[in-house]
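Remarks on the structure that follows.
The values are calculated or read from the model by the stated rules, or taken from the named source; none is laboratory data. Everything quoted here is computed from the prediction, not taken from an experiment. Backbone-built Cβ (ideal geometry, glycine too); neighbour counts: all protein chains shown.
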Number of protein chains: 2
Amino acid sequence: MSAPVQVRVFAPGSISNIGPGFDALGMAVAGPGDTVVARRIPGGRTEDQRQVRLLGIEGDGGKLPRVAEKNTAGIAAAAVLAMAGSDATIELELYKGMAIGTGLGSSAASAAAAAWAVNLLLGAPFTREQLVGAAVQAEAAVSGRHGDNVSPSLLGGLVLVRSLDPPDIVRIPVPAGLMVVVVTPSFELATRAARAALPRDVPLRALVRYSANTAALVAAFHSGDLALLGRALNEQIVVPIRAELIPGARQVMAAAVAAGAAGSSISGAGPSIFAFCDGRRGPGVASAVALAMIGAFRAAGAAATSIISPADVPGAREV
Amino acid sequence: MSAPVQVRVFAPGSISNIGPGFDALGMAVAGPGDTVVARRIPGGRTEDQRQVRLLGIEGDGGKLPRVAEKNTAGIAAAAVLAMAGSDATIELELYKGMAIGTGLGSSAASAAAAAWAVNLLLGAPFTREQLVGAAVQAEAAVSGRHGDNVSPSLLGGLVLVRSLDPPDIVRIPVPAGLMVVVVTPSFELATRAARAALPRDVPLRALVRYSANTAALVAAFHSGDLALLGRALNEQIVVPIRAELIPGARQVMAAAVAAGAAGSSISGAGPSIFAFCDGRRGPGVASAVALAMIGAFRAAGAAATSIISPADVPGAREV
């Protein structure tokens, strides 16, 4: 089978920092995501020509840098070429299908789409897990070195980043019918600013409680115990700090649970807030939760939009 | 059904602090354990008479205090009576079937056996999970407030202590055929001394890695991925410190893995060291691992004994 000369790849956005899964747990969500068109350019190139060229970006409102070396799609593409030892020249077009700075892994979706696209152009030498390192390299350039958005964008579903050195990515099954509601208010947070507000050190006692909750959360996803999922989702180190930076955050999370969600927390650095719902209780539950969350944001002065997604969305894929 | 007047209850020992499950993960093991005989004494008592009386202890070499208020069996028995609001008078006999200070939850086995015994004398008003709080109260008096030994001693199998306030105990399934090898050298460590050597604070970055490993370990038990289990078991905060206090510890853990174990770590505060083995590869694997671990302890100057146990041993039970 010969590799294609051009591919169009979509990668979904994702919720990350799922409760006590700071920098460790992420889940792909349906709806928002980025599309990368990648083309292999035949022939060699002169020394002053770039190996990866970013022809253009649409849908970002002009916010993102137009050079490949400063864009996560371009960096991830170059990293995959380097992994493969390939001398190929690649042109990229990036179509942003999601807003920037909402806590849904916008930069990661670009990186995941580009990494998967270049992998396809090379004849797919790498597994999705093997591409995580290249996408993390891209994330590190813009929002910190973490893999909890690029991993679900690449692999789909719920993913645990056990380690980045080297990458060790664990797929976690989700209970049948689990739905995720994501509500995004109409203001923007800079990830670096939100990250800077976190403590440098934590007491060992807090680590014990934290890791027990992370483990309980993964056990709940495995066993389908949504009551346990709700108890374990309650994070006490990062979320309280970030909630202070998001007007209405506490009320939105409380409204989600009051409306029937199993649990709710902040996605990434925010301001998006997600909630898990038991879809087996009927489609109305997720809708009611979404409306309650939007209403709580409105009461805090922010217009908001919602996504209702299954918890087992596929990752980066040719479209 | 009337409650019995006398019961004899056995509770197994347990490995705890399983890799990155410090104060959170414990597993019951076959072999060592404590037996409590509990009797309900009819009639009232005068004000100067104790509600729980410890008639005697056998098998401890005279090391344990002979008063009920200072022994974990006595404290747990009193706590269960208090939970039930019972005025009953109880006599206890304690038969220690395991050494003290080996890292296998000796004080916890006494507490679990007594808690279950008194529960039976009262007509079993409480579930095993509900008794954890009473047993933890007893543990707190002698070795610190943690539930990762009393919980498996009470419930059996592999248990995650998500929280102690209030107790939230999660049973974790284990893969079919999983075996645990426990090797105990012939010297003793005081739990309080070993605990005092730990850092008070850890970097947030370390918490992220730690909790991701705890979650990966639980995922591995759920999915039966023993390679992942081995990678996740590698703890980097507590185990390296405690390994320094146990002559030969690093060599014993390395010997276990070299002999075919999926992973190895220190049980509790040590000096016992455990290893997980895939029993589906035949009974010889666990034996070979045990011999290799004993050999490594011997090379470090310590005689050692071994236990080979399934990973799904039942908890406290009438015998």
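Structure data summary
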item	result
Residue match in segment B:147-163 (condition: farther than 30 Å from B:ALA78 by Cα, more than 14 Å from chain A (Cβ to nearest Cβ) and among the β-branched types (Val, Ile, Thr))	no
Segment A:212-230 - residue that is crowded, with 19+ Cβ neighbours inside 10 Å and free of Cβ contacts under 8 Å to residues at least 24 places away in the same chain and, of those, farthest from the other protein chains (Cβ to nearest Cβ)	A:ALA220
Unmet criterion (only one of (1) under 26 Å from B:ALA290 (Cβ atoms); (2) within 11 Å of chain A (Cβ to nearest Cβ); (3) in a helix (DSSP H, G or I); (4) among the charged types (D, E, K, R)) for B:ARG242	(2)
Residues (touching a residue at least 24 places away in the same chain (Cβ under 8 Å) and under 29 Å from B:VAL142 (Cα atoms)) located in segment B:200-210	B:VAL202, B:TYR210
Segment B:185-197, subset at pLDDT below 95, closer than 16 Å to B:SER267 by Cβ and in contact with a helix residue (DSSP H, G or I) (Cβ under 9 Å, 6 or more places away or on another chain), residue nearest to the other protein chains (Cβ to nearest Cβ)	B:ALA194
Matching option when the condition is modelled with pLDDT under 95 and among the basic types (Lys, Arg), among A:ARG128, A:ARG145	A:ARG145
Number of positions in segment B:54-70 that are within 18 Å of B:ALA135 (Cβ to Cβ) and either touching a residue at least 40 places away in the same chain (Cβ under 8 Å) or small (Gly, Ala, Ser) (or both)	3
Residue ID - surrounded by the most Cβ atoms within 10 Å (Cβ to Cβ), chosen from residues in segment B:10-53 that are without any contact (Cβ under 8 Å) to a residue 60 or more places away in the chain and of a type in the set (A, V, I, L, M, F, W, C)	B:VAL52
Segment A:69-115, subset assigned to a strand (DSSP E or B) and of a type in the set (A, V, I, L, M), residue farthest from A:PRO32 (Cα to Cα)	A:ILE90
Among the residues listed as A:LEU178, A:LEU204, the single one being more than 30 Å from A:LEU121 (Cβ to Cβ), facing chain B (nearest Cβ under 9 Å) and over 14 Å from the mean Cα position of the chain (by Cα)	A:LEU204
Lone qualifier among A:ILE90, A:ILE100, A:ILE75 - being surrounded by 23 or more Cβ atoms within 10 Å (Cβ to Cβ) and touching a residue at least 60 places away in the same chain (Cβ under 8 Å)	A:ILE75
So B:ALA197, is it surrounded by fewer than 24 Cβ atoms within 10 Å (Cβ to Cβ) and in contact (Cβ under 8 Å) with a residue 12 or more places away in the chain	yes
Test: residue in segment A:118-126 that is within 16 Å of the chain's Cα centre (by Cα) and not polar (S, T, N, Q)	no
Checking B:ARG250 against (1) touching a helix residue (DSSP H, G or I) at 6+ places or on another chain (Cβ under 6 Å); (2) within 11 Å of another protein chain (Cβ to nearest Cβ); (3) of a type in the set (Lys, Arg), the condition it does not meet	(2)
Filter result (of a type in the set (Val, Ile, Thr), crowded, with 20+ Cβ neighbours inside 10 Å and either over 20 Å from the mean Cα position of the chain (by Cα) or part of a strand (DSSP E or B) (or both)) within segment A:245-258	A:VAL252
Unmet requirement for A:ARG66, which otherwise passes all of (1) over 22 Å from A:VAL313 (Cβ atoms); (2) in a strand (DSSP E or B); (3) of a type in the set (Lys, Arg)	(2)
Subset of segment A:165-175 [within 16 Å of the chain's Cα centre (by Cα) and either surrounded by 19 or more Cβ atoms within 10 Å (Cβ to Cβ) or more than 10 Å from every other protein chain (Cβ to nearest Cβ) (or both)]	A:ILE169, A:VAL170, A:ILE172
Residue check, B:GLU58 under 19 Å from B:ILE100 (Cβ atoms), surrounded by fewer than 20 Cβ atoms within 10 Å (Cβ to Cβ) and of a type in the set (D, E, K, R)	yes
Residue that is farthest from the chain's Cα centre (by Cα) [pool: residues in segment B:134-157 that are hydroxyl-bearing (Ser, Thr, Tyr) and buried (at least 24 other Cβ atoms within 10 Å of the Cβ)]	B:SER151
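Conditions (1) at pLDDT 95 or above; (2) touching a strand residue (DSSP E or B) at 6+ places or on another chain (Cβ under 8 Å), marked per residue:
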position: A:ILE15; (1), (2): yes, yes
position: A:GLY31; (1), (2): no, yes
position: A:ASP34; (1), (2): yes, yes
position: A:ARG39; (1), (2): yes, yes
position: A:ALA76; (1), (2): yes, no
position: A:GLY85; (1), (2): yes, no
position: A:ILE90; (1), (2): yes, yes
position: A:MET98; (1), (2): no, yes
position: A:ASN119; (1), (2): yes, no
